[in-house]
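Below is one structure, written out as C-alpha coordinates; comments come after it.
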Amino acid sequence: MNVTTTGCACGESVTLEQVLECRDQRALRQRVALQEHGKPVLSLTLVMPGPVKESTDARFLFWTAINSIDAMLQEKCWPILAREVILMPTGPEALYVVNGNAHDLKCGLTELEDQHALGRLWDIDVIGPDNVAISRSMLGLASRRCLVCGAAAHACARSRAHPLEDLLKVIEEKVDGYRRSVER
(Lines give C-alpha, C1' and ligand atoms only; values in the text may rest on other atoms or scores of the structure.)
Protein backbone atom coordinates (compact mmCIF):
# COMPACT_ATOMS: atom_id res chain seq x y z
CA MET A 1 0.00 0.00 0.00
CA ASN A 2 1.26 3.40 -0.94
CA VAL A 3 0.59 6.07 1.74
CA THR A 4 1.17 9.73 0.96
CA THR A 5 0.98 12.33 3.72
CA THR A 6 1.00 16.06 3.09
CA GLY A 7 0.87 18.43 6.05
CA CYS A 8 -1.81 16.70 8.10
CA ALA A 9 -2.35 18.71 11.24
CA CYS A 10 -5.50 17.62 13.05
CA GLY A 11 -8.04 20.39 13.43
CA GLU A 12 -6.63 22.56 10.64
CA SER A 13 -9.24 24.50 8.67
CA VAL A 14 -9.12 24.24 4.90
CA THR A 15 -10.43 26.61 2.26
CA LEU A 16 -12.89 25.90 -0.52
CA GLU A 17 -10.05 26.40 -2.99
CA GLN A 18 -8.03 23.65 -1.27
CA VAL A 19 -11.02 21.28 -1.37
CA LEU A 20 -11.63 21.99 -5.06
CA GLU A 21 -7.94 21.53 -5.91
CA CYS A 22 -7.96 18.23 -4.01
CA ARG A 23 -11.04 17.10 -5.97
CA ASP A 24 -9.27 17.93 -9.25
CA GLN A 25 -6.18 15.97 -8.17
CA ARG A 26 -8.35 13.00 -7.14
CA ALA A 27 -10.06 13.01 -10.57
CA LEU A 28 -6.64 13.06 -12.23
CA ARG A 29 -5.44 10.10 -10.10
CA GLN A 30 -8.61 8.23 -11.04
CA ARG A 31 -8.08 8.83 -14.78
CA VAL A 32 -4.44 7.74 -14.56
CA ALA A 33 -5.38 4.57 -12.66
CA LEU A 34 -8.04 3.75 -15.25
CA GLN A 35 -5.57 4.27 -18.09
CA GLU A 36 -2.84 2.23 -16.42
CA HIS A 37 -4.98 -0.73 -15.35
CA GLY A 38 -8.19 -0.73 -17.41
CA LYS A 39 -10.05 -2.01 -14.34
CA PRO A 40 -12.63 -0.42 -12.03
CA VAL A 41 -11.40 2.28 -9.68
CA LEU A 42 -12.81 2.68 -6.19
CA SER A 43 -12.43 6.10 -4.57
CA LEU A 44 -12.97 6.53 -0.83
CA THR A 45 -13.50 9.88 0.86
CA LEU A 46 -15.41 10.83 3.99
CA VAL A 47 -18.60 12.74 4.63
CA MET A 48 -17.01 15.51 6.66
CA PRO A 49 -18.85 18.83 6.38
CA GLY A 50 -17.27 22.07 7.47
CA PRO A 51 -13.77 23.53 7.19
CA VAL A 52 -12.00 20.87 9.33
CA LYS A 53 -11.52 17.64 7.38
CA GLU A 54 -8.65 16.07 9.32
CA SER A 55 -9.25 14.97 12.92
CA THR A 56 -8.92 11.99 15.23
CA ASP A 57 -12.50 11.00 14.40
CA ALA A 58 -11.85 11.37 10.66
CA ARG A 59 -8.82 9.08 10.87
CA PHE A 60 -10.75 6.51 12.91
CA LEU A 61 -13.61 6.67 10.41
CA PHE A 62 -11.22 6.38 7.47
CA TRP A 63 -9.25 3.38 8.76
CA THR A 64 -12.50 1.65 9.74
CA ALA A 65 -13.64 2.13 6.13
CA ILE A 66 -10.34 0.82 4.74
CA ASN A 67 -10.50 -2.29 6.92
CA SER A 68 -14.15 -2.89 6.03
CA ILE A 69 -13.56 -2.42 2.29
CA ASP A 70 -10.51 -4.70 2.34
CA ALA A 71 -12.49 -7.41 4.16
CA MET A 72 -15.40 -7.15 1.72
CA LEU A 73 -13.11 -7.30 -1.33
CA GLN A 74 -11.36 -10.36 0.09
CA GLU A 75 -14.68 -12.04 0.93
CA LYS A 76 -15.95 -11.45 -2.64
CA CYS A 77 -12.61 -12.61 -4.13
CA TRP A 78 -12.02 -9.30 -5.89
CA PRO A 79 -8.25 -8.79 -5.96
CA ILE A 80 -6.84 -5.35 -5.20
CA LEU A 81 -4.44 -4.54 -8.04
CA ALA A 82 -3.32 -1.19 -6.60
CA ARG A 83 -4.14 0.94 -3.59
CA GLU A 84 -3.05 4.41 -2.62
CA VAL A 85 -3.87 6.13 0.66
CA ILE A 86 -3.53 9.90 0.76
CA LEU A 87 -3.62 11.79 4.07
CA MET A 88 -4.06 15.53 3.57
CA PRO A 89 -5.54 18.48 5.46
CA THR A 90 -8.52 18.25 3.06
CA GLY A 91 -9.27 14.81 4.49
CA PRO A 92 -8.01 11.28 4.08
CA GLU A 93 -8.78 9.46 0.87
CA ALA A 94 -7.96 6.18 -0.80
CA LEU A 95 -7.89 5.00 -4.38
CA TYR A 96 -8.16 1.31 -5.24
CA VAL A 97 -7.92 -0.53 -8.53
CA VAL A 98 -9.93 -3.73 -8.28
CA ASN A 99 -10.07 -6.73 -10.59
CA GLY A 100 -13.82 -7.14 -10.81
CA ASN A 101 -16.98 -5.99 -12.53
CA ALA A 102 -17.69 -2.29 -11.81
CA HIS A 103 -21.45 -2.81 -11.43
CA ASP A 104 -21.01 -5.74 -9.03
CA LEU A 105 -18.34 -3.80 -7.13
CA LYS A 106 -20.67 -0.81 -6.67
CA CYS A 107 -23.48 -3.14 -5.52
CA GLY A 108 -21.21 -4.69 -2.89
CA LEU A 109 -19.87 -1.35 -1.69
CA THR A 110 -23.31 0.23 -1.53
CA GLU A 111 -24.46 -2.70 0.59
CA LEU A 112 -21.43 -2.15 2.84
CA GLU A 113 -22.22 1.57 3.16
CA ASP A 114 -25.85 0.79 3.98
CA GLN A 115 -25.16 -1.99 6.50
CA HIS A 116 -22.11 -0.73 8.41
CA ALA A 117 -22.78 1.49 11.44
CA LEU A 118 -20.39 4.11 10.00
CA GLY A 119 -21.10 3.48 6.32
CA ARG A 120 -23.27 6.57 5.95
CA LEU A 121 -20.15 8.63 6.71
CA TRP A 122 -18.18 7.04 3.87
CA ASP A 123 -18.33 8.24 0.29
CA ILE A 124 -17.29 5.33 -1.92
CA ASP A 125 -17.37 5.95 -5.65
CA VAL A 126 -16.80 3.32 -8.32
CA ILE A 127 -15.64 4.34 -11.78
CA GLY A 128 -15.83 1.69 -14.49
CA PRO A 129 -13.11 1.06 -17.09
CA ASP A 130 -15.22 3.16 -19.50
CA ASN A 131 -14.65 6.15 -17.15
CA VAL A 132 -18.32 6.19 -16.09
CA ALA A 133 -19.08 6.48 -12.39
CA ILE A 134 -21.65 3.94 -11.23
CA SER A 135 -24.31 5.77 -9.22
CA ARG A 136 -26.86 4.52 -6.73
CA SER A 137 -29.61 5.51 -9.15
CA MET A 138 -28.03 3.34 -11.88
CA LEU A 139 -28.52 0.43 -9.48
CA GLY A 140 -32.14 1.40 -8.88
CA LEU A 141 -31.38 2.52 -5.32
CA ALA A 142 -32.66 5.57 -3.51
CA SER A 143 -30.33 8.48 -2.93
CA ARG A 144 -28.61 8.81 0.41
CA ARG A 145 -30.55 10.22 3.33
CA CYS A 146 -29.72 13.32 5.38
CA LEU A 147 -27.83 12.60 8.58
CA VAL A 148 -30.08 14.94 10.58
CA CYS A 149 -33.63 14.61 9.24
CA GLY A 150 -33.66 11.63 6.86
CA ALA A 151 -34.74 13.63 3.79
CA ALA A 152 -32.76 13.39 0.55
CA ALA A 153 -29.20 14.33 1.53
CA HIS A 154 -28.46 16.29 -1.64
CA ALA A 155 -31.53 18.51 -1.10
CA CYS A 156 -30.60 19.30 2.50
CA ALA A 157 -26.97 19.94 1.55
CA ARG A 158 -27.91 22.21 -1.35
CA SER A 159 -30.35 24.25 0.74
CA ARG A 160 -28.11 24.17 3.83
CA ALA A 161 -31.14 23.02 5.79
CA HIS A 162 -29.19 22.20 8.94
CA PRO A 163 -26.57 24.13 10.91
CA LEU A 164 -23.04 22.73 10.67
CA GLU A 165 -23.06 22.11 14.43
CA ASP A 166 -26.03 19.74 14.06
CA LEU A 167 -24.30 17.74 11.31
CA LEU A 168 -21.05 17.52 13.27
CA LYS A 169 -22.92 16.42 16.40
CA VAL A 170 -24.60 13.54 14.52
CA ILE A 171 -21.24 12.48 13.04
CA GLU A 172 -19.52 12.61 16.44
CA GLU A 173 -22.32 10.57 18.02
CA LYS A 174 -22.10 7.92 15.29
CA VAL A 175 -18.32 7.63 15.58
CA ASP A 176 -18.34 7.60 19.40
CA GLY A 177 -21.15 5.03 19.51
CA TYR A 178 -19.31 2.73 17.11
CA ARG A 179 -16.01 3.21 18.94
CA ARG A 180 -17.68 2.21 22.22
CA SER A 181 -19.29 -0.85 20.60
CA VAL A 182 -15.98 -2.22 19.29
CA GLU A 183 -14.08 -1.49 22.51
CA ARG A 184 -16.32 -3.75 24.59
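A few notes on this one:
- Residue satisfying all of: in the range 165-184; among the hydrophobic types (A, V, I, L, M, F, W, C) and surrounded by 12 or more Cβ atoms within 10 Å (Cβ to Cβ); nearest to ALA117 (Cα to Cα) among these: VAL175
- Test for ALA161: is it surrounded by fewer than 18 Cβ atoms within 10 Å (Cβ to Cβ), touching a strand residue (DSSP E or B) at 6+ places or on another chain (Cβ under 8 Å) and without any contact (Cβ under 8 Å) to a residue 24 or more places away in the chain: no
- Test: residue in the range 77-84 that is surrounded by 19 or more Cβ atoms within 10 Å (Cβ to Cβ), more than 27 Å from GLU183 (Cβ to Cβ) and more than 16 Å from the chain's Cα centre (by Cα): yes
- In the range 99-126, the qualifying residues are those that are touching a Lys or Arg at 6+ places or on another chain (Cβ under 7 Å) and farther than 18 Å from ARG179 by Cα, and the one that is surrounded by the most Cβ atoms within 10 Å (Cβ to Cβ) is VAL126.
- Looking across the range 118-170, the residues that are in a helix (DSSP H, G or I), among the aliphatic types (A, V, I, L, M) and more than 30 Å from HIS37 (Cα to Cα) come down to ALA153, ALA155, ALA157, LEU164, LEU167, LEU168, VAL170.
- Looking only at residues of the range 2-54 that are closer than 15 Å to VAL85 by Cβ and loosely packed, with under 11 Cβ neighbours inside 10 Å, we find that the one that is modelled with the highest pLDDT is ASN2.
- Taking the criterion of being touching a residue at least 40 places away in the same chain (Cβ under 8 Å) and either in contact with a Ser or Thr (Cβ under 8 Å, 6 or more places away or on another chain) or within 18 Å of GLN115 (Cα to Cα) (or both), the only residue of the range 129-155 that qualifies is LEU147.
- Every condition in (1) in contact with an Asp or Glu (Cβ under 7 Å, 6 or more places away or on another chain); (2) closer than 16 Å to LYS76 by Cβ; (3) without any contact (Cβ under 8 Å) to a residue 60 or more places away in the chain holds for GLU111 except the one numbered (1).
The values are calculated or read from the model by the stated rules, or taken from the named source; none is laboratory data. Predicted, not measured: the structure shown is a model, and the values here were computed from it. As a convention, Cβ positions derive from the backbone with ideal geometry for all residues, glycine included, and neighbour counts pool all protein chains shown.
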